[in-house]
1. Report Rg (one decimal) and Dmax (nearest whole number) for the chain, counting Cα atoms only, units Å.
2. Go through V168, T187, G105 and say which Cα lies farthest out towards the positive end of the charge dipole of the chain; charges sit on Cβ, +1 for Lys and Arg, -1 for Asp and Glu.
3. For K35 and K94 in one chain, what is 0.36 nm times their gap in residues minus the Cα-Cα distance, to one decimal in nm?
4. Under 5 Å between amide hydrogens, which residues at least 5 positions from A136 or on another chain qualify, with H placed 1.01 Å from N in the peptide plane?
5. I76: net charge of surrounding residues, Cβ under 15 Å, Lys/Arg +1, Asp/Glu -1, itself excluded?
6. Arranged from highest to lowest average of other beta-carbon atoms within 10 Å per residue, in what order do the peptides 11-18, 188-195, 176-183, 114-121 appear?
7. Nothing charged except the Cβ atoms of Lys and Arg (+1) and of Asp and Glu (-1): what's the magnitude of the dipole of the chain about its Cα centre? Round to the nearest 20 debye.
8. Evaluate the Kirkwood expression for the hydrodynamic radius of the stretch 149-209, namely the inverse of the mean inverse distance over all pairs of different C-alpha atoms, and round to one decimal in Å.
Amino acid sequence: MVGESGSGKSTLANLVTRFYDTTKGNITFDGVDIKDVTTKSLRQQMGIVAQDSILFNDSIKNNISLGINNPSENEIFHAAKIANAHDFISEFPKKYNNPVGDGGGMLSGGQRQRIAIARAVMKNPPIMILDEATSALDTESEKIVQDALENMMKNRTSLVIAHRLSTVQNADLIVVMKKGKIVEQGTHQELINLGGTYTNLVNLQSLENKK
Ligand SMILES: Nc1ncnc2c1ncn2[C@@H]1O[C@H](COP(=O)(O)OP(=O)(O)OP(=O)(O)O)[C@@H](O)[C@H]1O
Ligand SMILES: [Mg+2]
């Protein structure tokens, strides 16, 4: 999902995950209305890495393994490594047992995001929802985490909200949002051929990159 800031991308992700409910129309997964299943069962199918990752005032370890019964230390390390978080965690005095503070306040935005990615890796769900999952990272970490996310997205359904259009170029379907509505959808090539909103966004971004 792409589109300018405020176009409704995060809102759509919040509807799919039932943080909000639709007031009109419905959302179905494989033909089943998401209102016909419990929120718990719906979210069990999903890993969510949001724009602002919320962590619980608990240890790093418990934040990564949230909702997993009897997680092994090795599984936690493995998930942290995939999320490119192992190195910074190892530098804390108590390492994986270090508290993250209220709402994760003891960590930087990029570190919180990597903990959220490790949590999603650990959960290993059939559906991944990524809302600007690498937005708080510097370019170098972004590249590493992006590679990890791409590995993780193999063989599962992923809903990816991306500011950087190159991230979604290979998606099966690109959905373009504008002012709260879907205005275009198709593959990268189809949308380029269309020469509309998506093409404009691509042109704007290649201009930005040249600056
Ligand atoms: N809880 C809310 N109640 C009312 N309006 C909201 C709420 N959350 C978001 N909005 C409005 O809905 C519009 C879409 O917001 P949304 O967060 O979905 O945009 P976005 O496409 O994710 O933007 P960005 O790229 O900046 O993250 C915005 O105009 C926003 O101000
Ligand atoms: Mg958003």
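Read-outs throughout are calculated quantities, based only on the coordinates presented, and are distinct from any laboratory measurement. No experiment lies behind these values; they were computed from the predicted model shown. For neighbour counting, all protein chains shown are included, and Cβ atoms are generated from backbone atoms with ideal geometry for every residue, glycine included.
1. Spelled out, the Cα radius of gyration and Dmax of the chain are 18.0, 55 Å.
2. The listed residue farthest towards the positive side: G105.
3. Additional length available on full extension: 17.0 nm.
4. Here the answer is none, since no amide H 5 or more places off falls under 5 Å of that of A136.
5. On the way: positive: K61, K81, K94, K95, R114, R119, K123; negative: D58, E73, E75, D87.
With Lys, Arg at +1 and Asp, Glu at -1, the net is +3.
6. Going by the mean number of other Cβ atoms within 10 Å, highest first, we get 114-121, 11-18, 176-183, 188-195.
7. Details: 23 positive and 23 negative charges, 49 e Å.
Dipole magnitude for the chain comes out near 240 debye.
8. Details: mean 1/r = 0.0806 Å⁻¹.
Averaging 1/r across every pair of different Cα atoms and inverting gives 12.4 Å.
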